[in-house]
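Take a look at the structure set out below.
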There are 2 protein chains.
Amino acid sequence: MELIYEGKTKDVYRLDDGTIQLKFKDDVTGEDGVFDPGANTVGLTVEGAGKSGLRMTTYFFEKLQQKNIPTHYIESNLEDVTMTVKDAQMFGNGLEVICRFRAVGSFYRRYGAYCEEGQALDGFVEVTIKDDERGDPPISKDALAALNIVTKEEYVQLKQLTKQISEIVKIELAQKNLQLYDIKLEFGRDKATNEMILIDEISGGNMRVYDENGDYIEPLKLEKRLFNDSL
Amino acid sequence: MELIYEGKTKDVYRLDDGTIQLKFKDDVTGEDGVFDPGANTVGLTVEGAGKSGLRMTTYFFEKLQQKNIPTHYIESNLEDVTMTVKDAQMFGNGLEVICRFRAVGSFYRRYGAYCEEGQALDGFVEVTIKDDERGDPPISKDALAALNIVTKEEYVQLKQLTKQISEIVKIELAQKNLQLYDIKLEFGRDKATNEMILIDEISGGNMRVYDENGDYIEPLKLEKRLFNDSL
């Protein structure tokens, strides 16, 4: 197998059969030693972070598979901390599709003149470009089409899949008395079929979750809550 | 008459008959002593800037009137440097609707990974919120609807009017061998009829225009080129 990309939190290998293997690392994004899933820099190493992310990701991707939602998932190996996935083509250099149920984070920073912090949003979807240098700017449906990144037809599908997947995650979390505030997804095209599929991961690092007391649950604790592990 | 708002480049009065009078000032936006229509700070005073802006605005608003495009324009008085307009309600605290024919300015700063600087765009429309404190962030159709600023139906109309008006300005300028790169418009609702109308001004300060040699034409020169005044 061949290392094709070293990411901030995952390394990517191409296996001999053409599938892709993701190796989840213990490096997490953050700043000043604090784990911050929204940060662009790798701030620290947290033992067990890779395995935790893979466990949650595997759980959610298998849920989606049961519901016939197309993803890149093939199988996971928790001991090796790897996930085997279909080879997919990103949209452009990668997009993040965010679904928001509460006005927090960059949404509140941008639109604070028009909403209260934490105000409910009805699964509001927006897209940002993965571009560290330019601060991951938001991009509209029209701009995605003008720049030939996503067609208007594909955008409709992207938005619909995002809402559907986010709703499933939200319901799963609600069963543990946890509230999903927002979640960040990535999509690509299956290179074999050209179908639009969910790629990357679904873990604590991709979402903001709050508990019944209104406290933020950090990624590693979220995994334990989800699986009823003792804290 | 009553002063109701002191703006960066215009003062706004309510007349006794309920209409609004805009007094164009010689203060222009800029930074470090350089006239920059995109800046949020009033940088300097340029003698004649108010009258120049009013002359262009009057010219374009009368063109639009002839084409039955709804605007707030009633009449202008070049000597007093004032324009009388219909009273209108802004969307939220004010939106800027930008129509782009070339990838320059903030579009290029955001999406430079996906386009060449100056690349042609097909009358691409985007909206930003007027919010100096938050850096006039861009906002999508879905976010405008989620925040109850503009409904999805109104957005369609906003975009269509913007394209129509920008195309008219583009053609006018092309007749003087000038190229419109982008233009920034403002809309509101006519308080008397609730109709969506073009408000504010259309002058050199609202657009980027380049000449046949690819040189940027600054606002005051643009007025002279448009009216064939000797430079």
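The values are calculated or read from the model by the stated rules, or taken from the named source; none is laboratory data. Since we're looking at a predicted model, the values are computed, not measured. Note that each Cβ is placed from the backbone with ideal geometry, even for glycine, and that neighbours are counted across all protein chains shown. SASA here: full protein model, heavy atoms, side chains in, ligands and nucleic acids out. Shrake-Rupley method; radii C 1.70, N 1.55, O 1.52, S 1.80 Å.
What is the percent carbon and sulfur in the accessible area of the range A:90-231, measuring with a 1.4 Å probe over the protein chains and ignoring ligands?
43 percent
With 22 Å as the limit, write out which pairs from A:Lys67/A:Lys176; B:Lys10/B:Lys159; A:Lys8/A:Lys141; A:Lys152/A:Lys191; A:Lys130/A:Lys184; B:Lys8/B:Lys130 have Cα-Cα distances beyond it, or answer none.
B:Lys10/B:Lys159; A:Lys8/A:Lys141
So how much accessible area does B:Tyr5 have, in Å² to the nearest 10, using a 1.4 Å probe?
Answer for B:Tyr5: close to 140 Å² accessible.
What figure in square angstrom, to the nearest 10, would you give for the accessible area of B:Glu167 with a 1.4 Å probe?
The value for B:Glu167 is about 80 Å².
If I stretch the segment between B:Glu31 and B:Val46 completely, what's the gain in nm (0.36 nm per residue apart, minus their alpha carbon distance), one decimal?
4.1 nm
Considering chain A as a Gaussian network with a 10 Å cut-off on Cα pairs, which listed residue, A:Thr84, A:Thr128, A:Thr151, attains the greatest mean-square fluctuation?
Per the Cα network of chain A with a 10 Å cutoff, A:Thr151 tops the list.
One decimal, nm, shortest first: give the distances between the label point of A:Gln160 and those of the same position in the other copies, each label point 7 Å from Cα along Cα→Cβ.
2.5
Residue by residue, what Karplus-based ³J(HN,Hα) values in Hz, rounded to whole numbers, does the range A:167-176 have, using 6.51, -1.76 and 1.60 with θ = phi - 60° and x for Gly and Pro?
Rounded to whole hertz, the list is 5, 5, 4, 4, 5, 4, 5, 4, 5, 9.
Chain pair B, A: how much accessible area is buried, both chains summed, with a 1.4 Å probe, in Å² to 100?
Buried: approximately 2300 Å² between A and B.
Would you mind getting me the FRET efficiency between B:Glu212 and A:Asp215? Use the beta-carbon distance for r and R0 = 60 Å, nearest 0.05.
Once rounded, the FRET efficiency stands at 0.45.
Chain A: which residue's Cβ hugs the A-to-B rotation axis most tightly, distance rounded to whole Å?
Residue plus distance in Å, as requested: A:Ser140, 2.
So, for chain B, what is the accessible surface per residue at a probe of 1.4 Å, expressed in square angstrom?
47 Å²
Suppose only helical runs count, i.e. DSSP H with n ≥ 4. What mean residue ellipticity at 222 nm does that imply for chain B under -39500 (n - 2.57) per run, divided by all residues and rounded to the nearest 500 deg cm²/dmol?
-8500 deg cm²/dmol
For A:Gly18, place a label point 7 Å out from Cα along the Cα→Cβ vector, do the same in each other copy, and report the separations in nm, one decimal, smallest first.
Result, one decimal in nm: 7.2.
In a shell of Cβ-Cβ distance under 14 Å around B:Gly204, excluding B:Gly204 itself, what net charge do Lys and Arg (+1) and Asp and Glu (-1) give?
Net charge around B:Gly204: -2.
Once phi is turned into ³J(HN,Hα) by the Karplus curve 6.51 cos²θ - 1.76 cosθ + 1.60 with θ = phi - 60°, what whole-Hz value does each residue of the range A:131-142 show in order, with x for glycine and proline?
Result, ordered by residue: 7, 3, 4, 9, x, 6, x, x, 9, 8, 3, 5 Hz.
Can you list the aspartates and glutamates whose alpha carbon sits under 20 Å from that of B:Lys63, skipping same-chain ones fewer than 8 residues off?
Result set, ordered by chain and number: B:Glu75, B:Glu167, B:Glu172, B:Asp182, B:Glu186, B:Asp190, B:Glu195, B:Asp200, B:Glu201, B:Glu223, B:Asp229.
In nm, give the distance between the simple-model label positions of A:Asp16 and A:Gln119, each being 7 Å from the Cα along the Cα-to-Cβ direction.
Inter-label distance under the simple model: 5.8 nm.
Where the label is 7 Å out from Cα toward Cβ, how close does B:Glu75 come to the same position in every other copy, in nm, shortest first?
Counterpart label points of B:Glu75 in the remaining copies fall at 8.4 nm.
Between the range A:165-231 and the range B:3-69, what's the alpha-carbon centroid distance in Å?
Between the Cα centres of the range A:165-231 and the range B:3-69 lies a distance of 50 Å.
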